[in-house]
Amino acid sequence: MPLNYGHLALRIEELLQEKGISKNTICKELDIPRSNFNRYCRNEFQRLDANLICKLCDYFDCEVGELICYVNKPPPGSGDPIEWIKGYAEV
């Protein structure tokens, strides 16, 4: 059985909603291709670009820990993993 070390999740969608910013706006202002940004928003990435993380922290005026959270794994029967990540990030 493969080991499960969990994964990192980006809270971009949440921060966009909290600050009332559209994806088009942030992509244009930070010069990020929309297709790449959408993958980050859906947490469909294998590697994180340190420069992008710095840009996002500066843009959202937040710390790295407010942007990225470590997700061990959702508890059994927890339902939608995205909702679980949001709740986990608030802890």
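The values are calculated or read from the model by the stated rules, or taken from the named source; none is laboratory data. Just so it is clear, the model here is predicted, and its values are computed rather than measured. Reconstructed Cβ throughout: ideal geometry from the backbone, glycine too, with neighbour counts over all protein chains shown. Accessible surface is based on the protein model in full, side chains and every heavy atom, while ligands, DNA and RNA are left aside. Shrake-Rupley method; radii C 1.70, N 1.55, O 1.52, S 1.80 Å.
Identify all residues within the stretch 39-66 that are at pLDDT 95 or above, of a type in the set (Asp, Glu) and surrounded by 12 or more Cβ atoms within 10 Å (Cβ to Cβ); write none if there are none. Selection gives Glu66 alone.
Pairs meeting the criteria (first residue in the stretch 50-68 and touching a residue at least 12 places away in the same chain (Cβ under 8 Å), second residue open to solvent by 70 Å² or more (accessible area, probe 1.4 Å), beta carbons under 7 Å, at least 6 apart or on different chains) are Ile53/Val64; Phe60/Lys19; Ile68/Leu8. Scanning the stretch 21-68 for residues that are on the phi > 0 side of the Ramachandran plot and either of a type in the set (Phe, Trp, Tyr) or in contact with a strand residue (DSSP E or B) (Cβ under 6 Å, 6 or more places away or on another chain) (or both) gives a single hit, Asn43. Close contacts from the stretch 1-25, counting a first residue that is touching a residue at least 40 places away in the same chain (Cβ under 8 Å) and a second that is of a type in the set (Gly, Ala, Ser) and open to solvent by less than 100 Å² (accessible area, probe 1.4 Å), with Cβ to Cβ under 7 Å and a gap of 6+ residues or different chains, come to Arg11/Ala89.
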